[in-house]
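Inspection log for the structure reproduced underneath, given as structure tokens.
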Amino acid sequence: MKPVDRSPGAPGAGRGKRQGKSKCALCAKPVVEKYSPFCSRHCADIDLGRWLKGQYAIPATLGGDDGASTDEQ
Ligand SMILES: [Zn+2]
């Protein structure tokens, strides 16, 4: 039986108060609750645009279904 020291993660970047505020995923600015998880509507808009782009982007079907009629004999 050895004393297991449970250290909660890595408290390295723990400076000041821990308000649990996140950083904007786009510009790393402090997130505003109103636009969470972004810092502003601008960033939220950008992310939304990217997301929509991804939705519209139709992945090419790599099936190679060219030869539909296969003559088996
Ligand atoms: Zn931002």
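Quick rundown of the values:
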read-out	value
For peptides 38-51, 21-34, sequence by mean Cβ density within 10 Å, most packed first	38-51, 21-34
Approximate spin-label separation Ser36-Trp51, in nm, with each point projected 7 Å along Cα-to-Cβ	1.5 nm
Fewest-first ranking of Tyr35, Tyr56, using other Cβ atoms within 10 Å as the exposure measure	Tyr56, Tyr35
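No value in this document is a laboratory result; all are computed from the given coordinates. Predicted model, so just to flag it, every value in this text is computed and none were measured. Cβ: placed from backbone, ideal geometry, glycine included. Neighbour counts: every protein chain shown.
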